1. Considering protein heavy atoms only and a 1.4 Å probe radius, which residues within segment A:133-176 exhibit an accessible-area decrease of no less than 20 Å² in the full assembly relative to the chain by itself?
2. Normalise the Cα radius of gyration of segment A:36-175 by 2.2 N^0.38 Å (N = residues in it) and let me know the number.
3. Could you do me a favour and compute the accessible area per residue for the protein assembly as shown, 1.4 Å probe, result in Å²?
4. Per the Kirkwood definition applied to all pairs of different Cα atoms, how many angstroms is the hydrodynamic radius of chain B?
5. Using the scaling law 2.2 N^0.38 Å as the reference, what is the normalised Cα Rg of segment B:135-185?
6. Within 10 Å, count the other beta carbons around each residue, average over each peptide in A:108-116, B:67-75, and list them highest first.
7. How many angstrom lie between the C-alpha centres of segment B:237-265 and segment B:205-220?
8. Using just the Cα positions, wrap segment B:1-81 in a convex hull and report its mean projected area in square nanometres, one decimal place.
Amino acid sequence: MNAQIFNANPTIYVSQKSSRKSRFEAGQSLWVDDDDDDDEERSSDADVEPIDQDEIFELIRSISDPEHPNSLEELRVVSAEQIEVGDNHIVVEFTPTVPHCGMSTLIGLCIRVRLLRSLPPRFKVDIRVQPGSHQSELAVNKQLNDKERVAAALENPSIVETIEKCIETAESSRRV
Amino acid sequence: MALDLPFSLQLYTDLPGHEDCAWQVAWNPAKPLLASCSADKSVRLYSYRKDPYDPSKLSFSYLTTIQTGHKKTVRSVAWAPSGKSLATASFDANSAIWEKSEAPEDGEDPSESEEWECVGLLEGHENECKSVAFSGTGTLIATCSRDKSVWVWEVKPDAEYECINVMMDHSQDVKCVSWHPTEEILASASYDDTIKLYIDDPDEDWFCFATLSGHVGTVWSLVWAPRGDYLASSSDDLTIRIWRRSAKHAWEFAHQLKGHTRSIYSISWGTGKGDNLGWIASTGSDGKINVWEISESPQRDAARATLSSRLVASVSSAHGVYDVNSVQWCPRSGLEELLATTADDGSVRIWRLSSTALVSDRECT
């Protein structure tokens, strides 16, 4: 990991109180659900009531920033307004704190892993940086949405370790 | 459903089994065998034979699992033209060659032997291997990697494999390598949105003689027309492009196919039936399989011929909600209408293309 600090002094915002809970639980395999019965149950539950952007936001707001002791919500990296929910399709945009942020790919990976583990497999997820918010916008977007690159990154123990640390806060806040 | 299409894809068999996402499927060109590879680091082999009660049908059955010993995802699997060797390419940066163990000379029943052993390890890439392919004669192997390089290996007697060239022409991750069916021309596709073509200079080394640009997204998959005069590519830009050979070492854009809503991960070009250039099957993240019939205008002057295509069959949610990662037509004579797919659900599915009408006025004459 690069020890360089990309934004030494970020602005921190107050996070909102959680108004609702997501129905989706964590702990599933990244690609294939281990427990088929459980999966079917959750899928049919979810079919009854469609999810909305608040629910997706709820899943990712408490993810920790890789270089600050704050959540992505507190740093305004993610917000409910930057989430778009379509028919089994979710687009999450996030705003790096500085345009040269070298952690952007890692932040995007954390969001992707959190959603992969939480949502039923029928959702296709696209993750992008907010247009104009990063100097390597296209490169970051391309990497985050290349399924092969993502799969390979998730077989890299040091990347996985960092991601686990960042999303731990999101997973534990959900259990309260 | 598109009821006006002349063919339909019928699900023939579902072969579940991988514990994680299944990346690629490969039909053995010589024997009734099928291989699939997965993020679970294994290769599964399936066999098929005529159903004893209904000879017009095939029955597929699980044969064996090769625990490859690769330390990461097995991304690609390919058979040698002889059907004797199998190659695997893994995110652990290595490729390996597998052959069925010789039946013991005084063994009990040689037909029961289904042990596959690693006869060669192709080491050298710096990071994830993405694709492996045998040349048409089986004497050369190509591999490619996120390290931006394409390697050509020579198959020597006694299962010796020697790297004879490394090409560093791409500026990014190389996703796919594919050999011309009859000539020693190699094609590679990349995250840098281009396709590169290579040949061997007998006095020098292998070199890149053409770059095909036009896609505006990662090029995931390449396939040659069975006759070798066209090359097709599929991309993140939601198109399939067909490139025509305009001279011995010149290739140009000829035609474009559209019909997917997310990345197109895999294409396959089958011989089809009738007097045309065959069928292109495509699939990807939208979970759809499309089959297109490709035809050439009557004049046989290749430089002027115009290509035409029509969608002849389509199936949505081919593996339920999952991304479909790979599609391949059966290369064996008499089985041209069979198609295999693999997906994130870890399963292999076999499909059969059949005519939707008893008497179709669109049938080729």
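1. Correct list: A:Lys142, A:Asp146, A:Lys147, A:Glu148, A:Arg149, A:Ala151, A:Ala152, A:Glu155.
2. Working: Rg = 14.6 Å, N = 140, 2.2 N^0.38 = 14.4 Å.
Here the Cα radius of gyration is 1.02 times the empirical estimate.
3. Details: 23910 Å² over 541 residues.
That works out to 44 Å² for each residue.
4. Values: mean 1/r = 0.0481 Å⁻¹.
After inverting the mean inverse Cα-Cα distance, the result is 20.8 Å.
5. Details: Rg = 11.5 Å, N = 51, 2.2 N^0.38 = 9.8 Å.
Scaled against compact globular proteins, the figure is 1.17.
6. Values: A:108-116: 22.2, B:67-75: 19.9.
Put in order of decreasing packing, that is A:108-116, B:67-75.
7. 12
8. Working: hull surface 30.4 nm².
Its Cα hull, projected and averaged over all orientations, spans 7.6 nm².
The values are calculated or read from the model by the stated rules, or taken from the named source; none is laboratory data. This structure is a prediction, so every number in the text was calculated from the model and none was measured. Quick reminder, even Gly has a Cβ in these numbers, built from the backbone with ideal geometry, and neighbours come from all protein chains shown. Ligands, DNA and RNA are stripped out before the accessible areas are found, and what is left, the full protein with its side chains, is counted by its heavy atoms. Shrake-Rupley method; radii C 1.70, N 1.55, O 1.52, S 1.80 Å.
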